[in-house]
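The values are calculated or read from the model by the stated rules, or taken from the named source; none is laboratory data. All values derive from a computational prediction rather than experimental measurement. Cβ atoms come from the backbone with ideal geometry, glycine included; neighbour counts cover every protein chain shown.
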Amino acid sequence: MRSLLPRQPLRRVCDACKLQLQRQRLKPATRTFSHAASIPAVASSKTPYQPTNPRLSISRARSIRGNLPQTRSISSNAQAPSESHHAAAAEPETRPPPPTKTHYDLFPQTLPAGPPPAGPFAIDARALRREFLTLQATAHPDLAPAGAASKRAADAVSSRINDAYRTLLHTLTRAQYLLSLRGIDVANEETARVADPELLMLVLETREAIEEADSEAQLEPLRQENEERIAESEGRLAGAFARDDLEEARGEVTRLRYWVNIRESIHNWERGKPVVLEH
């Protein structure tokens, strides 16, 4: 019994030692198969790391090469925005079309501020005519170079200047043109009527007075009274455009159309000729 007791502790120590030796033997192999995590520990040692088995280093190199396609795909994705940027830069730039010139742009000396509300509604008719004649003297089709294309181009420019001058010269057509620039077509509106019954009654009485007149002298009081109405209407239009009040300008243009028709009826009066007031 005494001879068996010392052997049990010795056997336990030997088994622990064997286990420790086995772990120590496995450590170099673990370092050999490790990758980036084991490299800093080896590099920090006094002796440089050298692989004990050249085949293992070759397998590591192959494994690294096997990862290269993934690295290239990432780099290609990183360069994708720059390539798309160069492709977009190679495409022609899309610029907005130049703004269309208005009638006001054709007369920069008379109308330097442009249309209302930046510029005034009233126009100096004499200054507008002087500039119109100057433009027509330089853009007349007879002064264009020889050739059918040049003639057509000069004729188009001359027609554009004539149309702009006639539109801006008269108050009614000028106001209608200004509203058309803002998307309101008052000139061709069939529903543009005045709902004021007193105004309509005044228009009908004026038409009857023009038809019953025996001479142009009898029409003179009607003409003066109508010109005063036109002047008042022009003043209200100027204020509405200066405030950029399009609804007020729209209603005033409809009223001004009645007074302008009365002016034309008085101007074209003939004895016994019926008067037709367009509105």
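Before moving on, here are some points about what is shown:
- You will find that of Arg152, Arg160, the residue that is at pLDDT below 95 and within 27 Å of the chain's Cα centre (by Cα) is Arg160 and no other.
- The one condition in (1) farther than 14 Å from Trp259 by Cα; (2) at pLDDT below 95; (3) in a helix (DSSP H, G or I) that Glu205 fails to fulfil: (1)
- Residue check, Leu202 among the aliphatic types (A, V, I, L, M), within 27 Å of Glu270 (Cβ to Cβ), surrounded by 13 or more Cβ atoms within 10 Å (Cβ to Cβ) and touching a Leu at 6+ places or on another chain (Cβ under 7 Å): no
- Counting the residues of region 122-149 that are modelled with pLDDT of 95 or more and either on the phi > 0 side of the Ramachandran plot or not in a helix (DSSP H, G or I) (or both) gives 3.
- Failed item in (1) of a type in the set (Gly, Ala, Ser); (2) outside any helix (DSSP H, G or I); (3) under 28 Å from Arg129 (Cβ atoms), with Ala195 passing the rest: (3)
- Among the residues listed as Ile210, Ile262, Ile230, the single one being in contact with a helix residue (DSSP H, G or I) (Cβ under 6 Å, 6 or more places away or on another chain) and farther than 30 Å from Pro116 by Cβ: Ile210
- Which numbered condition Pro96 misses (of (1) assigned to a helix (DSSP H, G or I); (2) at pLDDT below 95): (1)
- Of residues in region 227-279 being part of a loop (DSSP other than H, G, I, E, B) and modelled with pLDDT of 95 or more, the one surrounded by the most Cβ atoms within 10 Å (Cβ to Cβ): Asp245
- For region 218-244, the set of residues classified as more than 14 Å from Thr206 (Cα to Cα) and hydrophobic (A, V, I, L, M, F, W, C) consists of Ile230, Ala231, Leu237, Ala238, Ala240, Phe241, Ala242, listed by residue number.
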